[in-house]
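Everything below concerns the one structure shown next.
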Amino acid sequence: GEDTKHVRLVPSEVPNICVTPSYFRTLVLGSSGVGKTSLVQQFTRADDPHHNEDEENWRPGSGHVVSVDLNGSESTMEFIDGANVDLDLESYQVDAYILVYSVSEPASFGQAVSLLLYLRLDLGSDRPVYLVANKTDLVRQSRVAAAEACRVASSHDCHFVETSTALNVKVDELLVGVLSSIQRQLTPLAG
Ligand code: GDP
C-alpha cells in the first residue's frame, strides 16, 4: 500500500539466510530530542534509485513500515516510535529494540543505558538490542565517549552503532543490522 516503502539492500557481510517473508516490529526508545523520529523517517525513505516513486507517497505520520529485501528474502519491518507509546515495555511484543541517545547529551546516554539494563536485567529480554549513538556530525559538541558506550553495550549483549540521521550516516547499516539480528535469532542454523 501507500504506507510501504521498498528498499533493496545487499550487505556482503550478511550470510545467505532463507526465511519466508515476515513481519517484524522494532521499538525505538530514547530521550526526547535524540533523533528517534528522524531515524525512523530515514529508515522509511532509505536511498534507493529504483523506488523514487514511492518516496512521493511518503507522508509524516502515515505509518513507519519499510519493506527490506535482504539476500533475496523480503521482510516487512515496522518501527514504533517509543515517544508515542506508554512505556509499559512488558506489554509490547516486539522483535528488537533500538535505544537512541545523542552524543551531545550525556543525560540521554544515561537514559539509554537505563533502558538497556531494564530490558536485559528486569524484563529478562533476549531480543536483539541496538544502542545507537546519534548526531555524530556534532563532533565538537560530542560529550559521550564511544569507547564507554561500546563497552556498556557489549557487556549486555547489545550492538553499538554510531549514526547521523542528519547526514544519513550508518542508517542503512543499522536497518540491515537489526533485520539480520532478528533473522539470526529465528534461524540459529544460519549462524
Ligand atoms: P526525537 O524527539 O527523539 O524523535 O528527536 P527528533 O527526531 O525529533 O530530533 C530532534 C532534533 O534533533 C531535530 O531538530 C532534528 O533535526 C535533530 N537531529 C536528529 N538527528 C540528528 C543528527 O544526526 N544530527 C543533528 N545535528 N541533528 C539531528
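Things to note:
- Flag if residue 147 is surrounded by fewer than 17 Cβ atoms within 10 Å (Cβ to Cβ), in a helix (DSSP H, G or I) and away from the ligand (no atom under 16 Å from the Cβ): yes
- In the stretch 166-189, the residues that are more than 25 Å from residue 103 (Cβ to Cβ) reach residues that are among the small types (Gly, Ala, Ser) with C-beta atoms within less than 6 angstrom, at least six apart or across chains, in these pairs: 182/96.
- Residue match in the stretch 153-162 (condition: away from the ligand (no atom under 16 Å from the Cβ), polar (S, T, N, Q), touching a strand residue (DSSP E or B) at 6+ places or on another chain (Cβ under 8 Å) and free of Cβ contacts under 8 Å to residues at least 40 places away in the same chain): yes
- Residue 104 vs. criteria within 21 Å of residue 187 (Cα to Cα), outside any helix (DSSP H, G or I) and among the small types (Gly, Ala, Ser): no
- For residue 125, the criteria (1) in contact with a helix residue (DSSP H, G or I) (Cβ under 7 Å, 6 or more places away or on another chain); (2) surrounded by fewer than 15 Cβ atoms within 10 Å (Cβ to Cβ) hold in every case but one, which is (2).
- Qualifying residue in the stretch 94-112 (condition: surrounded by fewer than 21 Cβ atoms within 10 Å (Cβ to Cβ), at pLDDT below 95 and not β-branched (Val, Ile, Thr)): no
- Residue in the stretch 104-114 that is under 21 Å from residue 23 (Cα atoms) and in contact with a strand residue (DSSP E or B) (Cβ under 6 Å, 6 or more places away or on another chain) present: no
- Any hit, the stretch 45-64, residues being under 18 Å from residue 163 (Cα atoms), at pLDDT below 90 and buried (at least 18 other Cβ atoms within 10 Å of the Cβ): yes
- Matching entry among 38, 75, 32 (being in a strand (DSSP E or B) and at pLDDT 85 or above): 75
- Looking only at the stretch 97-109, and only at residues there that are farther than 18 Å from residue 154 by Cβ and of a type outside the set (A, V, I, L, M, F, W, C), the one that is nearest to the chain's Cα centre (by Cα): 102
The values are calculated or read from the model by the stated rules, or taken from the named source; none is laboratory data. These figures come from a predicted structure and were not determined experimentally. In this analysis, Cβ positions are derived from the backbone assuming ideal geometry, glycine residues included, and neighbour counts consider all displayed protein chains.
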